[in-house]
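Q: Okay, handing you the structure first.
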Amino acid sequence: MAKLTTRTEDYSKWYNELVVKANLAENSKVRGSMVIKPYGYAIWEKLQAELDKRFKETGHQNAYFPLFVPKSLFEAEEKNAEGFAKECAVVTHYRLKNDPDNKGKLIVDPDAKLEEELIVRPTSEAIIWSTYKNWIQSYRDLPILINQWANVVRWEMRTRLFLRTAEFLWQEGHTAHETKQEAIAEAQQMQDVYADVVENFMAIPVVKGRKSDSERFAGADDTYTIEALMQDGKALQAGTSHFLGQNFAKAFDVKFTSKEGKQEYVWATSWGVSTRLMGALIMTHSDDLGLVLPPKLAPIQVVVVPIYKTDEQLEEIRKVVDTFSSELKAKGVSIKFDDDSQTKPGWKFAEYELKGVPVRVAIGPKDLEKGHVEVARRDTLEKQFITLDNVAVEIEKLLEDIQINLFERAKNFRDNHITEVSTFEEFKTVLEEKGGFLSALWDGTEETEEAIKDATKATIRCIPQAFEIPTEGVDVFSGKPAKYRVLYAKAY
């Protein structure tokens, strides 16, 4: 089995090789779009199920809206339309016909031009708010708490599997509220839901905060974000939740009769996470041997590799494995017994390391004699022997321990890569030599933010919640009085 390029050698190449070799995804025949393979999709499904459960627990329902958005609807909210205009795929015709000059080939039928172009959704605010106009008349119709699981298209020029693709999978929540306070509370609640799932399920520590004006979602009054740090010192936006104010309600004339009998515009939010979280998962935990998966997300949590020479030995091993396997399954643990005779145990060990299976059990005739099994954990690569009568209990504990260890390991890395800087020289030095988050004072102006971005490629990832206090001191770049302490980083 060919080894991966190491992270220190070429981090970007390591990532691309890992995604393909671990059978997560591959590039497709469609420029910039990917095929998510069964193993990669199984991880996404587990994450999707956990998110969906949390959405429903917080009162949301799933629905589905059209893939196509008429151009007139799309351009109704000007900031949103302007923000996404350069990334839109556009449908202009509705029919093909046989090419008279080239037998067996098709051409676009010029007589089948659409009266109005259709945008392939880059996000669904326009189509959803034009629908909400029909659903909302009175305060009694509010709140509306809808989520949809869907695909969206953003015509990216430079793509990378999971991190940035022309088409990707996501969920997008769209809610309508009676008051501003209720809408803000909703946006903040969903930020908390995302942070909870990403930290406790994916074992990725995040910083919660708000986006600067230039970084926030097009058409939003405020964007709440969770920011994660990858092993190469770059940040990754792991999820966003937007307070949309009344911008979309005004664009689509969505009003309701209040309790006082007045006509008022509705208050709105939208929020989403996507398959880019798969990229975050890979880059936070994995190593030079391959994928490292937190047990809560692993499609296979435990793999058992029998080591045998005869069919009789295999059957003896199978009987013993069946006993602790059924105990683990009863505890909700997914376990695979790999008795494939086409591949050798050593190949299997390397393959399951590459695929990030959290716990590997090896068992042969000698182990049966001694009454134990060899257990290897994927996160630390440590091995231990566990007695046969204790396998299920110990493996369950081990899975819990791996989940905690992965989070703590990533958190220690993140915390060691938040560096406070007070001069621009220090800013540039730390960014180049260490990377990570740079905690710096900011004067609150877009001019300063843009100047730093032009000079260093670092952007304001967020104004962290903990830093939203009056700040003494001056901006790290402009020397003007500071308004906020923010986190800068280079980002995906």
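Q: Got a sec? Which residues in segment 250-266 would a label at Arg140 touch, if it sits 7 Å along Cα→Cβ and we count backbone N under 18 Å?
A: 255-264
Q: I would also like to ask the following. Starting with the highest mean, order 439-449, 481-491, 31-41 by the number of other Cβ atoms within 10 Å, averaged over the residues of each peptide.
A: On the way: 439-449: 18.7, 481-491: 20.6, 31-41: 16.7.
The packing order, highest mean first, is 481-491, 439-449, 31-41.
Q: With no solvent and one equal point scatterer placed on each C-alpha of segment 122-178, evaluate the Debye formula and give log10 I(q)/I(0) for q = 0.16, 0.17, 0.31 Å⁻¹, two decimals.
A: Ignoring solvent entirely, the Cα scatterers give -0.59, -0.64, -1.25.
Q: Read phi for every residue in segment 106-115 and hand back ³J(HN,Hα) as whole Hz from Karplus 6.51 cos²θ - 1.76 cosθ + 1.60, θ = phi - 60°, with x for Gly and Pro.
A: Per residue, the Karplus-derived 3J(HN,Hα) values read 10, 10, 5, 6, x, 7, 10, 6, 5, 4 Hz.
Q: Pulled fully out, how much extra length does the chain show between Phe68 and Asp192, if you take 0.36 nm times their separation in residues and subtract their Cα-Cα distance?
A: Numbers: separation 124, 0.36 × 124 = 44.64 nm, distance 3.09 nm.
Gain on extension, Phe68 to Asp192, equals 41.5 nm.
Q: If you wrap the chain's Cα atoms in a convex hull and average its projection over all directions, what's the area in nm²?
A: Its Cα hull, projected and averaged over all orientations, spans 30.0 nm².
Q: Next up: Distance from the Cα centre of segment 1-29 to that of segment 162-224, in angstrom?
A: If we compute the Cα centre of each part, the gap is 29 Å.
Q: I would also like to ask the following. Applying 1/(1 + (r/R0)^6) with R0 = 35 Å to the Cβ-Cβ distance of Lys105 and Ala42, what FRET efficiency is obtained, to the nearest 0.05? Don't skip to the answer; put the middle values down first.
A: Details: r = 39 Å, r/R0 = 1.12.
With a Förster radius of 35 Å, E is 0.35.
Q: What's the ranking of 42-49, 292-299, 332-339 by average number of surrounding C-beta atoms within 10 Å, highest first? List each step's numbers first, then the result.
A: Numbers: 42-49: 17.2, 292-299: 23.8, 332-339: 15.6.
Top to bottom by mean Cβ count within 10 Å: 292-299, 42-49, 332-339.
Q: Work out the charge dipole of the chain with +1 on the Cβ of Lys and Arg and -1 on the Cβ of Asp and Glu about the Cα centre, then indicate which of Ile463, Thr8, Phe168 is farthest towards its positive end.
A: Phe168
Q: If the cut-off is 27 Å between C-alpha atoms, which lysines fall inside it for Lys255, apart from same-chain ones fewer than 8 positions away?
A: Result set, ordered by chain and number: Lys56, Lys71, Lys79, Lys133, Lys180.
Q: For labels at Asp454 and Lys336 in the simple 7 Å Cα→Cβ model, what's the distance in nm?
A: Computed distance between label sites Asp454 and Lys336 equals 5.2 nm.
Q: Quick one: angle between helix 391-416 and the longest Cα principal axis of the chain, in degrees between 0 and 90, rounded to 10, please.
A: Taking Cα atoms only, the helix is inclined about 50 degrees.
Q: Follow-up. Report the equivalent ellipsoid semi-axes for segment 381-422 in whole Å, largest first, defined as the square roots of five times the eigenvalues of the gyration tensor built from alpha carbon atoms. Don't skip to the end; give the middle numbers.
A: On the way: eigenvalues 250, 17, 3 Å².
Listed largest to smallest, the semi-axes of segment 381-422 are 35, 9, 4 Å.
Q: Now, a different point. Going 7 Å from the Cα of Val474 toward and past its Cβ, which residues in segment 416-458 have a backbone nitrogen under 15 Å from where you end up?
A: Zone members listed by number: 422-426, 441-444.
Q: Quick one: which residues, 5 or more positions from Ala89 or on another chain, have an amide H under 5 Å from its amide H? H modelled 1.01 Å from N in the peptide plane, none for Pro or chain starts.
A: Val120, Trp155
Q: If you don't mind, another one. Could you state the accessible area per residue of segment 335-492 in Å², with a 1.4 Å probe and every protein chain left in place? Show your work: numbers first, answer last.
A: Values: 7940 Å² over 158 residues.
Per residue, segment 335-492 has an accessible area of 50 Å².
Q: Stretched out fully, how many nm does the piece from Glu327 to Asn390 gain, at 0.36 nm a residue minus the Cα gap?
A: Numbers: separation 63, 0.36 × 63 = 22.68 nm, distance 1.06 nm.
Working it through step by step, the gained length comes to 21.6 nm.
Q: Using a 1.4 Å probe on the protein chains only, how many percent of the accessible area of the chain belongs to carbon and sulfur? Don't skip to the answer; put the middle values down first.
A: Working: 11360 of 23050 Å².
Using a 1.4 Å probe with all protein chains present, the chain comes out at 49 percent carbon and sulfur.
Q: For Cys88, Cys462, what's the largest-to-smallest order of accessible area, 1.4 Å probe?
A: Working: Cys88 30, Cys462 0 Å².
So, going from the largest accessible area down, we get Cys88, Cys462.
Q: So what J values fall out for segment 237-247 if you push phi through Karplus, 6.51 cos²θ - 1.76 cosθ + 1.60 with θ = phi - 60°, rounded to Hz, Gly and Pro as x?
A: Running phi through 6.51 cos²θ - 1.76 cosθ + 1.60 with θ = phi - 60° gives 6, 9, x, 9, 9, 10, 8, 8, x, 10, 4 Hz.
Q: Quote to one decimal, in nm, the extra length available between Tyr265 and Lys411 on full extension: 0.36 nm per residue of separation minus the C-alpha distance between them. Please report the intermediate quantities before stating the final value.
A: Working: separation 146, 0.36 × 146 = 52.56 nm, distance 4.27 nm.
Net length gain for the segment: 48.3 nm.
Q: Let me ask something else about it. Here are some pairs, Lys46/Lys336; Lys309/Lys383; Lys3/Lys29; which of them have Cα atoms lying more than 19 Å apart in this structure?
A: Working: Lys46/Lys336 17 Å; Lys309/Lys383 23 Å; Lys3/Lys29 26 Å.
From Lys46/Lys336; Lys309/Lys383; Lys3/Lys29, over 19 Å: Lys309/Lys383; Lys3/Lys29.
Q: List the residues, sorted by chain then number, that are 5 or more residues from Asp287 or on another chain and whose placed amide H is less than 5 Å from its amide H.
A: Here Val292 satisfy the definition.
Q: Further question on the same structure: Probe radius 1.4 Å, ligands and nucleic acids left out: which of Ile300, Ile463, Ile307 has the largest accessible area, and how do the rest follow? Provide the component values of the computation, followed by the final result.
A: On the way: Ile300 35, Ile463 5, Ile307 70 Å².
Of Ile300, Ile463, Ile307, the descending order of accessible area is Ile307, Ile300, Ile463.
Q: Taking only C-alpha pairs under 8 Å that are 6+ residues apart, what is the relative contact order of the chain in percent?
A: Details: 968 pairs, mean separation 66.8, N = 492.
Here the relative contact order equals 14 percent.
Q: Which FRET efficiency value, to the nearest 0.05, do you get for Lys366 and Glu426 by plugging their Cβ-Cβ distance into 1/(1 + (r/R0)^6) with R0 = 60 Å?
A: 0.50
Q: Right, another one. Between Rg and the Kirkwood Rh of segment 211-343, both from Cα atoms, what is the Rg to Rh ratio? Write down the numbers at each step before the final one.
A: Numbers: Rg = 26.0 Å, Rh = 20.2 Å.
Taking Rg over the Kirkwood Rh, I get 1.29.
Q: With a point put 7 Å past each Cα toward its Cβ, work out how far Leu381 is from Gln313 in nm, to one decimal.
A: Distance between label points: 2.7 nm.
Q: Something else about it: Would you kindly derive the ³J(HN,Hα) couplings of segment 93-102 from the backbone phi angles with the Karplus curve 6.51 cos²θ - 1.76 cosθ + 1.60 (θ = phi - 60°), listing them in order in whole Hz, with x for Gly and Pro?
A: 10, 10, 7, 10, 8, 4, 7, x, 9, 8
Q: So, with +1 on the Cβ of K and R and -1 on the Cβ of D and E, and no other charges, what is the size of the charge dipole of the chain about its Cα centre, to the nearest 20 debye? All intermediate terms of the calculation are to be shown ahead of the outcome.
A: Working: 66 positive and 79 negative charges, 167 e Å.
With only Lys, Arg, Asp and Glu charged at Cβ, the dipole is about 800 debye.
Q: Could you check the spin-label model distance between Thr92 and Glu17? Points 7 Å from the Cα along Cα→Cβ, value in nm.
A: 4.3
Q: Considering only DSSP states other than H, G, I, E and B, which trypsin sites (Lys or Arg not before Pro) in segment 191-272 qualify as loop sites with at most 14 other Cβ atoms within 10 Å?
A: Numbers: sites: Lys208, Arg210, Lys211, Arg216, Lys234, Lys250, Lys255, Lys259, Lys262; in loops: Lys211, Arg216, Lys234, Lys259, Lys262.
Those satisfying the criteria are Lys259, Lys262.
Q: Given charges of +1 on the Cβ of Lys and Arg and -1 on the Cβ of Asp and Glu, with all other atoms neutral, how large is the dipole of segment 289-376 about its Cα centre, in debye to the nearest 20? Mind dumping the intermediate values first?
A: Working: 13 positive and 14 negative charges, 77 e Å.
Approximately 360 debye in magnitude.
The values are calculated or read from the model by the stated rules, or taken from the named source; none is laboratory data. Note that this is a predicted model, so its numbers are computed, not measured. Quick reminder, even Gly has a Cβ in these numbers, built from the backbone with ideal geometry, and neighbours come from all protein chains shown. All accessible areas refer to the heavy atoms of the entire protein, side chains included, with ligands and DNA or RNA removed. Shrake-Rupley method; radii C 1.70, N 1.55, O 1.52, S 1.80 Å.
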